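Each remark here refers to the structure printed beneath this line.
The values are calculated or read from the model by the stated rules, or taken from the named source; none is laboratory data. Just so it is clear, the model here is predicted, and its values are computed rather than measured. Heads up, the Cβs are rebuilt from the backbone with ideal geometry, glycines too, and the neighbour counts pull from every protein chain shown. When the accessible area is computed, the model is the full protein with side chains, heavy atoms only, and any ligands, DNA or RNA have been set aside. Shrake-Rupley method; radii C 1.70, N 1.55, O 1.52, S 1.80 Å.
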Amino acid sequence: MKLMKSKPSNYLMKRMLCVIIILVSNVSFAQPSTTEQKKNIFENKQEIEAFLKENKIPALGLLVLKNGKPDKMEVFGNLKEGVPASINAIFNVASLTKPIVAYLTLELVSQNKWKLDEPLYNYWIDPDLKEDLRHKKLTTRLVLTHQTGFPNWRWQNEDKKLAFMHEPGTKYGYSGEGFEYLRKALEAKFKKPLAILVQEYVFNPLKMNDSYMQWSDKVDEARFAVGHDANGNTYTIHKERAVSGADDLLTTIPDYTKFLEALMVGKGLSKNIFQEMQSNQIKTKENKYFGLGLEKYELGIGEIALSHGGSDEGCRTIFFIFPQTQDALMIFTNSDTGVNTYIPAVNYYLGNKGQKIIDIETKK
């Protein structure tokens, strides 16, 4: 989950509600409503649509993979009032951008074009940090495991400048700034914008032809799932044209499915890097860790789940993948109340494995 990245001040004011929601790290697993406790809300389309209406969630994109193949891939509801959503609906998936950037980076490491533990100052030093020698400790590994010592976004600081909250490499602290730092280092090294690198190493090879790192004329606005607030009112579409290493990916359920299918088997990654991606890099709570770019749940008997979530104004998204069994669950929504789908979906589609995830998240 995330707060917000740096935007013009008037835009930040519009998104302050998001900050309040995401400050509670596991809000998505905290307090299921009476409806969420029903066991059959995902059994048929009628139940799903009634649930969405009750929770003021206009559109729900859903993917279930079993043994590496789609068992369910569908989009329910509306892009906005009166406009039905189709399977090729385009969602803003917020921080689900980060796994894409992590995957790109790990591909470069696998090809010996980039190093996990090389200091990033060889390629980029943020002007705000040039006098703070701790910037020399920053590496890709620390970015991917959220150990940079940065806040989520620099605008959270009183002076709006980037600064270390603690020593790099000493503790976990989720940070979009870290991924932006990595973006600038990659762009400096390869002399290409991040969007081009993602296109070359991720989108093109996986045939993700309906995915975009920023808003452009190529985006079909008629298919965009417009964000909604908790009362069902639409937000004004913010057409972000600047590329971020942390946020604002636009994609579809079929396209991101291709990514998850590749991610689960480590396509394009060396064996060693694929193993490191799934390793316990830093503990965040009991039976939960951050690997390289992904959260990791230890479910017992050697089974793990890898996950990432996204949260933005009018956008709640999440996925869980299980490398051993090649199963997956992914949820896209276009509402601030989209988190209400998480517990019932995890319970229904993931069974005992899902309950273990919920137990980990809700345990104090």
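The charge dipole of segment 157-293, taken about the Cα centre with unit charges on the Cβ atoms of Lys, Arg (+1) and Asp, Glu (-1), comes to about 500 debye, rounded to the nearest 20.
Summing Lys and Arg as +1 and Asp and Glu as -1 over all other residues whose Cβ lies under 11 Å from the Cβ of Asn233 gives a net charge of -1. Of Asp248, Asp220, the residue with the largest accessible area leads and the full order is Asp220, Asp248 (1.4 Å probe). This model, with +1 at the C-beta of Lys and Arg and -1 at the C-beta of Asp and Glu, gives the chain a dipole about its Cα centre of some 600 debye.
Using 1/(1 + (r/R0)^6) with R0 = 30 angstrom and r between the beta carbons of Lys66 and Glu298, what's the FRET efficiency to the nearest 0.05?
Working: r = 22 Å, r/R0 = 0.73.
So, using R0 = 30 Å, E works out to roughly 0.85.
What net charge is computed for the residues neighbouring Lys267, neighbours being all others with C-beta under 14 Å from the C-beta of Lys267, Lys and Arg scored +1, Asp and Glu -1? Mind dumping the intermediate values first?
Values: positive: Lys207, Lys258, Lys271; negative: Glu107, Glu261.
Its environment carries a net charge of +1.
With all protein chains present, how much of the accessible area of the chain (probe radius 1.4 Å) comes from carbon and sulfur, to the nearest whole percent? Spell out each step's value before the answer.
Values: 7530 of 15210 Å².
Here carbon and sulfur together make up 50 percent of the probe-accessible area.
Across segment 98-104, computed HN-Hα scalar couplings (Karplus, 6.51 cos²θ - 1.76 cosθ + 1.60, θ = phi - 60°) run 4, x, 5, 5, 5, 5, 3 Hz from first to last residue, x flagging Gly and Pro.
Heavy atoms only, 1.4 Å probe, whole protein assembly: order Glu187, Glu49 by accessible area, highest first. Intermediate values should be presented prior to the final figure.
Details: Glu187 45, Glu49 80 Å².
Result, largest first: Glu49, Glu187.
On the basis of the beta-carbon distance and an R0 of 30 Å, Asp220 and Glu81 show a calculated FRET efficiency of 0.95.
Placing Trp153, Trp124 in order of accessible area, with the largest value first and a 1.4 Å probe, yields Trp124, Trp153. Taking 7 Å steps out from each Cα toward its Cβ at Ala242 and His166 produces label points 2.9 nm apart.
Net charge within 15 Å of Lys285 by Cβ-Cβ distance, Lys/Arg positive one each and Asp/Glu negative one each, not counting Lys285 itself? Charge balance in the 15 Å sphere: +2. Mean residue ellipticity, 222 nm, helices only, the chain: the sum of -39500 (n - 2.57) across DSSP H runs of n ≥ 4, divided by residue count and rounded to 500, is -8500 deg cm²/dmol.
Here segment 172-232 is treated as an ellipsoid with the same Cα gyration tensor; its semi-axes, largest first and in whole Å, are 26, 20, 10.
Please compute the length gained on full extension between Asn44 and Ala230, using 0.36 nm multiplied by the number of residues separating them and subtracting their Cα-Cα distance. Could you put the intermediate results ahead of the total?
Values: separation 186, 0.36 × 186 = 66.96 nm, distance 2.44 nm.
Fully extending the segment from Asn44 to Ala230 adds 64.5 nm.
Its relative contact order, with pairs defined as Cα atoms under 8 Å and 6+ residues apart, puts the chain at 26 percent. Coupling constants for segment 75-87 follow from the phi torsions by the Karplus curve (6.51 cos²θ - 1.76 cosθ + 1.60, θ = phi - 60°), and in residue order they are 10, 10, x, 10, 5, 7, 4, x, 10, x, 8, 10, 4 Hz; glycine and proline get x.
Rolling a 1.4 Å probe across all protein chains gives Glu298 an accessible area of roughly 60 Å². The alpha-carbon of Lys267 sits under 15 angstrom from the alpha-carbons of these aspartates and glutamates, leaving out residues fewer than 8 places away in its chain: Glu107, Glu200, Glu276. Scalar couplings 3J(HN,Hα) for segment 130-142, obtained by applying the Karplus form with A = 6.51, B = -1.76, C = 1.60 to θ = phi - 60°, are 4, 8, 9, 5, 5, 4, 6, 8, 6, 9, 4, 4, 5 Hz; x denotes Gly and Pro. Label-to-label distance, Asn352 versus Lys191, with points set 7 angstrom from Cα along the beta-carbon direction: 5.7 nm. Here Lys363 is the anchor, and the lysines within straight C-alpha reach of less than 25 Å, apart from those fewer than 8 places off in the same chain, are Lys2, Lys38, Lys39, Lys171, Lys283, Lys285, Lys288, Lys296, Lys353.
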